[in-house]
Amino acid sequence: MRDANAIRKTPALIEFRHGNAAIRSKRYRYIRYADGSEELYDHKTDSYEWKNLASKPQLQTTKNKLAEWLPTNWAPNAETKNAFEFDPDLFRWKHKASGRTVDGNE
C-alpha cells in the first residue's frame, strides 16, 4: 500500500455488504452483485467508470479471470452495534441477546 506502483501478484478484492464484491486489477475493475448483475470497467480508457463493458462478449475471458478471485463461501454478516449495549461504568459492551460481555480486546 505504500507504493501504488508496486507489482502485485493478486488483484484487490473489496466487499460491500453481503454478496457484493469488486475485483480491481491494474487495468480493470469487475463488480458482481448479490443479484448476479455485473459491471466491468477498463481504467486504461475509462478511469471515471462511465462505460460498463460487462456485456461485451470479447471481454468474457477478462471477466472470468477476475471472477476467479470472488469468494465462493461468504462469511455471515457481523452483528451491528445495535446488538450490544454499552456499560460506561465498566467500559464494556454487553450482547443484548446472550448477555456476553465484550471488552474491546477481542
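Every number in this text was worked out from the coordinates using simple rules, so none of it is lab data. This structure is a prediction, so every number in the text was calculated from the model and none was measured. Neighbour counts are summed over all protein chains in view; Cβ atoms, including those assigned to glycine, are modelled from backbone coordinates with ideal geometry.
A few points about this structure:
- The residue that is farthest from residue 22 (Cα to Cα), among those in the stretch 48-69 that are small (Gly, Ala, Ser) and part of a loop (DSSP other than H, G, I, E, B), is 55.
- Matching residues in the stretch 70-102 - criterion: being assigned to a loop (DSSP other than H, G, I, E, B) and farther than 30 Å from residue 23 by Cα: 88, 89, 90, 91, 96, 97, 98, 99, 100
- For the stretch 69-106, filtered to residues that are charged (D, E, K, R) and under 30 Å from residue 33 (Cα atoms), the residue that is surrounded by the most Cβ atoms within 10 Å (Cβ to Cβ) is 79.
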